[in-house]
Amino acid sequence: MNVKLYILFLNLIFFSSGLGAQEISFEASVDKNILGIDEQLTLSITISGGNLSGLPIPQLPPLKDFDIVNSYRSQSISIVNVQVSTSLEIKYVLVPKGVGHFTLPAITLNHKEKTYQTKPIEIEVTGQGKATPPPSQSPSSIKKLEKVPGNLFLDAQVNKRTVFVNEQVTLNIKFYQRINLWESSGYTPPSFTGFWVEDLPVSKQPTKQNIDGLTYLVHEVVNKALFPTTEGEYTIGETSMSCVVSPFQEPILLKTNPIKIKVLPLPQNKPKNFSGAIGDFLISSEVDKKIVEENQPINLKVKIKGEGNIKTIPQPSLPRLIDFKVYSSGEVSSVSNSEFKICGEKEYKYILIPTSPGKHILEPIILSYFNPETKRYEMNKTPRITIIAKPASSFEKKMAQKQEVRILKKDIRYIKEPLNLTNQSSYLYQNKLFLLLQVLPVLSIVVTIFYKRHLIRAYQRYSRLKRIKKKALKGLSRAKGQLGEKTKDEFYGTISKTILEYLGDKLNLLPNEITIEVLETKELNEEILNEVQNILKSCDYARYAPSTYTLENMEEILIKAKECIAKI
């Protein structure tokens, strides 16, 4: 007989004798003894020994204080010194039903006329902290979740499907699970084309929800406020997430359905002073002093606060101020998302200088807005403010008078009496023609230098214009290569730089010299000017402000930049 086969035969004999000799070990344990009401508990039952063939699965006793949301098993075999050991582990994922002190009863296993029993396990379930409340929804907008087969699914809900332009739509996306995940990755957010997007708080603590008698752990994934920018019908794109339940199974792809939003136009009976504010707002004003001398500054603050997209509210129009010089000194805005609605405050600052003494009235500043809750236009206004301007001091008057003399002097032509001059000398250097001839060589040199500089600048200008298109296309090509979530900042920086350099080459300016005021002086087409301003503003928002720009937004900006460069 072959020696190797003989040895293998002996080993099998030893194995058989070892299998029958080993006793069975039966134990139960948990991964934690203290947990919160929204946490999971893993109960592990381990059976180890020699021969586990024909071993029955131990049955759990009734668990009245816990729900079983998942279970799985694993088995391993080890051979040490010709001794075979088999181990079977069964795990149950439990979710507590309430708060308190509970006992997991002993688990019994009957095998080969022997009874094995685990020890009872003490469990303490504590209460959870105050969870973030869900977004408020009207009863008519709450949709009952459809029955989804399986233990994992995504659900997307909106509080309204028909809104007015710039009215808030609250989008909430939740992930429901009844089993543990090995990992979750590949989350793809929805597209928000046609909406201004603001973030709302997302609850970090999962909650429990019973659907058709099954208990799910619910995780909030997305919570956003969407403001449609124009009328029409828009679609909130689908959301997808890849989940891996086990390393031995294929990933599960979960998706939500796209959501249609109908955006209604605003009613036609718009007030004359309506400038596009949508929401519910209040306006107030104040000055730092009401009694001043003429020609002394007064600080005026105008505040607008309320519920709505505060960032899109334009600057209010001041009433006609005949006896004042008016200068705008900036604006400040702050946005909050209390109670899951976007609200905030915007403050405008002005400097008023009274130009004449007396009593002056600042008429009310009117804010007209459309309230989507009442579906009508409403108006708020500030109270009248009385300003008393005292006459300027004597020093101020003298300064004003001197200023007036200097201004008038430009209009005075003094009378010149005729003078009888005689020739004082006949020296050559006193001859005007001779002196003029001496200046001509110097003048010709200066003219030559300036003309040469002009030719150099003209050539540089020609070269700059000659390569302008090639340079712009190169910048756009570089931006196209930067499309992607990780290179978002580089992409918007490249787009902004390409537009500014193209305008600089076209208008013979440096990129840092380009402002809206400078472009207006260059007599650019108003449509092109607006497009340039919108592209640069979008790039700045994407780079420096909290935003949710997607790949579709980046592609849209790239197309607009190409079209804008072609028009300039």
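Scanning residues 5 or more positions from LYS160 or on other chains, those with amide H under 5 Å from its amide H are THR170, with H placed 1.01 Å from N in the peptide plane.
Provide GLU490, GLU89, GLU294 ordered by accessible surface of protein heavy atoms (probe 1.4 Å), highest first.
In descending accessible area the options line up as GLU490, GLU89, GLU294.
In the context of the full set of protein chains, residues of region 258-359 present 56 Å² of accessible surface per residue (probe radius 1.4 Å, heavy atoms only).
Quick check: residue separation of LYS567 and ASN273 times 0.36 nm, minus the Cα distance between them. What number comes out in nm?
Details: separation 294, 0.36 × 294 = 105.84 nm, distance 3.37 nm.
So the chain would gain 102.5 nm between LYS567 and ASN273.
Amide H contacts for VAL222 (H built 1.01 Å from N in the peptide plane; partners 5 or more residues away or on another chain; cut-off under 5 Å): ILE173. Label sites at MET379 and THR162, each approximated as a point 7 angstrom past Cα along Cα to Cβ, lie 2.9 nm apart.
Test of understanding: what is the full-extension gain from LYS359 to LYS303, defined as 0.36 nm times their sequence separation minus their Cα-Cα distance? Don't skip to the end; give the middle numbers.
On the way: separation 56, 0.36 × 56 = 20.16 nm, distance 2.45 nm.
Once the chain is fully extended between LYS359 and LYS303, it gains 17.7 nm.
The label-point distance for LEU253 and ILE291, in a model that sets each label 7 Å from Cα toward Cβ, rounds to 7.7 nm.
Sparse packing (at most 14 other Cβ atoms within 10 Å of the Cβ) combined with a DSSP loop state is found for the following trypsin sites (Lys or Arg not before Pro) in region 210-293: LYS272, LYS289, LYS290. In this simple spin-label model, placing a label point 7 Å from the Cα along the Cα-to-Cβ direction at both GLN430 and LEU181 gives a separation of 10.5 nm.
Can you tally the net charge around ILE361? Count Lys and Arg as +1, Asp and Glu as -1, for every other residue whose Cβ sits under 15 Å from the Cβ of ILE361. Walk me through the numbers on the way to the answer.
Values: positive: LYS290, ARG320, LYS359, LYS381, ARG384; negative: ASP323, GLU363.
Net charge in that neighbourhood comes out at +3.
Potential lengthening of the chain between GLU345 and VAL447 amounts to 30.7 nm, from the contour at 0.36 nm per residue minus the alpha-carbon distance. Note on LYS290: lysines with a C-alpha under 19 Å away, same-chain residues under 8 apart excluded, are LYS301, LYS303, LYS325, LYS349, LYS359, LYS390.
Quick one: of LYS480/LYS562; LYS470/LYS522; LYS204/LYS255; LYS469/LYS506; LYS174/LYS255, which pairs are farther than 18 Å apart, Cα to Cα? Please list the in-between numbers first.
Details: LYS480/LYS562 11 Å; LYS470/LYS522 23 Å; LYS204/LYS255 21 Å; LYS469/LYS506 10 Å; LYS174/LYS255 11 Å.
From LYS480/LYS562; LYS470/LYS522; LYS204/LYS255; LYS469/LYS506; LYS174/LYS255, over 18 Å: LYS470/LYS522; LYS204/LYS255.
For region 160-304, with all protein chains in place and a probe radius of 1.4 Å, 50% of the accessible heavy-atom surface sits on carbon or sulfur. Residue-wise HN-Hα couplings along region 363-374, as the Karplus relation 6.51 cos²θ - 1.76 cosθ + 1.60 with θ = phi - 60° gives them from phi, are 5, x, 9, 9, 10, 9, 8, 9, 9, x, 6, 8 Hz; Gly and Pro carry x.
Distance distribution note for region 172-219: the fraction of Cα pairs above 18 angstrom is 48%.
Heavy-atom accessible area for VAL218, with the other protein chains in place and a 1.4 Å probe, reaches approximately 10 Å². Here region 470-511 is treated as a Stokes sphere of Kirkwood radius computed over C-alpha pairs; at 20 °C and 1.002 mPa s its diffusion coefficient rounds to 205 µm²/s.
The values are calculated or read from the model by the stated rules, or taken from the named source; none is laboratory data. Small disclaimer: the values here were computed from a predicted structure and weren't measured. Cβ atoms come from the backbone with ideal geometry, glycine included; neighbour counts cover every protein chain shown. The area values use the complete protein model at the heavy-atom level, side chains included, leaving out ligands, DNA and RNA. Shrake-Rupley method; radii C 1.70, N 1.55, O 1.52, S 1.80 Å.
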